[in-house]
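Taken together, the values in this text are just the output of simple stated rules run on the coordinates, not laboratory data. Because the structure is a prediction, the values reported are computed rather than measured. Cβ placement follows ideal geometry from the backbone for every residue including glycine, while neighbour counts extend to all protein chains displayed.
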Amino acid sequence: MAYLFPIGTVQNNATGLIDSVEYNMFEPNKGVTSKDVHNVLVSQFEQQSISTRKKANPFITLSYEYENIFAREYNQIEHFVNSIAQGGLSSFYVIDFSRGITPSSVHVTAGGNWQPALSNTRYWANTKIYACAYTATYGWRLAPYLTKTANASITINRSGVDYGDLTSTNFATYGKLYPAYEAFCVPDPIANFKIGPHINQDIDLTGDGGYTRSGTVAFVGKYPSV
Amino acid sequence: MSYDVTATFADIQTDVEAVSPIHMFVVNASQSGTDYQYYVDWNHDVTGYKLDSSGDLLDATTCYIGFPIKGDVLKSNIDGEISGITLVIPNVDRVMEGILHSQEYLRGKDIYVMTAFARNLPSGVGYTFIGTTPDKRSTIKEKFYIDSASSSEQAVVFNCKSKFDIKRAQILEEHLVMSVSGSITIHRVVCKLVTLLLTPLVI
């Protein structure tokens, strides 16, 4: 079982469940920023670094930025933060939409694993990092990364833990590959959301009614990212 | 068995950049034999070398659990004595506290404090392997003994002494006089008599 932000427990039909409520995937409409945080102890003389010591391995921080999202979308994020993330207590997978790569081709091995050809494979630094093949229209697929041929291709494990409904053909034609990191949200992550204009329509799982919201959800990686 | 730290350690030690020192702590959580608990002061689990029952590093590897462990810096004073150190291990799930209760607070048991450079740890596939040029003998290892331990909801604190301090434990005078060892008792009685006899002469 895997949890994916912001849909919950991922199903094979590319939807997610939070407390038995079915949610769909939606991307942060204002973008994603991510960066690797390095722990280096620097000894300085005046403005100059004269010696360096690495104190720990780099980890990733991600930020999902939303602007005027529908109330149903905000409610979905709120439901996820409360039930799955438990306000920062439990970890889940987050797709880093700022690190997408378009594969030049997708090879399917005899065992069924996918091998997208990538010109730069550095995002998959260790096997704790998942790969998410994503299209806006044809669904997505989240699966563990297994091995790679540096800067040529990576192998995605389709025979074990594997979620989503994207086909290899649609992936090769329309898809991009993103790294997905196991992460925590920072404590109280949605406190910064500001309210926007009210839309006078139905307020439910499909209606667009209610107050729009804008804000940022921040995440911190659980395992090394580099 | 003792060993000489390889020259690799000394070489890296003098580097001023691209250096990654790492501190590892191994607690023997058994009163009768060996039950090593491997910990590392790092932001994730790390694969390191195993210890045998004598405390020597083996080529075999094991997973050191990553924790924000706090340990004092090893020091020696002007008399050549090695100071004790305090080791603070987070009490996650009260695992360490459980070991303390079942093993008589681990009094007198050994703790190995090891310092190495990350590149000399075992290499391999997986995020726990952070080494690139494995060299188990590029590890500085100090052995300490647990003198006392205390635990709270947050952390387990070990006060550790070097073996020299443990051996120099002071025995109270009452215990000495009541000792069945006649020679010590007689020795102390003689000392007191000599003191009494000499006192008037000094005055």
Open item on the list: For a protection proxy built on the mean count of beta-carbon atoms within 10 angstrom, sort B:153-160, B:117-124, B:100-107 highest first, please.
Closed with: B:117-124, B:153-160, B:100-107
- [ ] Would you mind checking which residues have amide H under 5 Å from A:G8's amide H? H placed 1.01 Å from N; only 5 or more apart, or other chain.
- [x] none
Open item on the list: Which of A:N12, A:N200, A:N113 ends up with the largest GNM mean-square fluctuation for chain A, with Cα atoms connected below 10 Å?
Closed with: A:N200
- [ ] Give the calculated FRET efficiency between B:E153 and A:A191 to the nearest 0.05, with a Förster radius of 35 Å applied to their Cβ-Cβ distance.
- [x] 0.85
Task: Gain in span if fully extended, B:S83 to B:V5, counting 0.36 nm per residue against the direct Cα distance - done: 25.9 nm
Task: Residue-wise HN-Hα coupling along segment B:13-20, computed from phi with Karplus coefficients 6.51, -1.76, 1.60 (Hz; x: Gly, Pro) - done: 4, 8, 5, 9, 8, 6, 10, 9
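Report relative contact order for chain A in percent, whole number only (criteria: Cα-Cα under 8 Å, sequence separation at least 6). Walk me through the numbers before you get to the answer.
Numbers: 552 pairs, mean separation 56.7, N = 226.
Relative CO of chain A lands at 25 percent.
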Task: Taking segment B:53-128 and dividing mean pair separation by its residue count, relative contact order in percent (alpha carbons under 8 Å, at least six apart) - done: 23 percent
Task: Distance cut-off 32 Å, percentage of C-alpha pairs in the protein assembly as shown lying past it - done: 55 percent
Open item on the list: Residues of segment B:94-117 with backbone nitrogen within less than 18 Å of a virtual label 7 Å along the Cα-to-Cβ line of B:Q13, please, listed as ranges.
Closed with: B:113-117
Open item on the list: Check which residues have an amide H placed less than 5 Å from B:K50's amide H, if you skip close sequence neighbours.
Closed with: B:L58, B:A60, B:T61, B:T62
Task: Rg [Å, one decimal], Dmax [Å, integer] - segment B:7-167, C-alpha atoms - done: 15.8, 47
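Can you divide the C-alpha Rg of segment A:58-126 by 2.2 N^0.38 Å and report the result to two decimal places?
Working: Rg = 16.9 Å, N = 69, 2.2 N^0.38 = 11.0 Å.
Cα Rg divided by the expected 2.2 N^0.38 Å: 1.53.
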- [ ] Note down the Stokes-Einstein diffusion coefficient of segment A:158-225 in µm²/s, whole number, using a Kirkwood radius over alpha carbon pairs, 25 °C, and 0.890 mPa s.
- [x] 151 µm²/s
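Using a cut-off of 12 Å between beta-carbons, work out the net charge of the residues near A:R72 (Lys and Arg +1, Asp and Glu -1, A:R72 not included). The partial results should precede the final answer.
On the way: positive: A:R213; negative: A:E73, A:E78, A:D202, A:D204, A:D208.
In short, -4.
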Open item on the list: Per DSSP helix of 4 or more residues, -39500 (n - 2.57); summed, then divided by the residues of chain A. What does that give at 222 nm, rounded to the nearest 500?
Closed with: -2500 deg cm²/dmol
TODO: List the pair-distance distribution P(r) of chain A, using every Cα-Cα distance, as the percent of pairs falling in each 5 Å bin from 0 up to the bin containing the longest distance, rounded to whole percents.
DONE: 1, 7, 13, 17, 18, 15, 11, 8, 5, 3, 2, 1, 0
- [ ] Name the residues whose placed amide hydrogens come within less than 5 Å of the amide hydrogen of A:Y211, ignoring near sequence neighbours (fewer than 5 apart) on the same chain.
- [x] A:I199
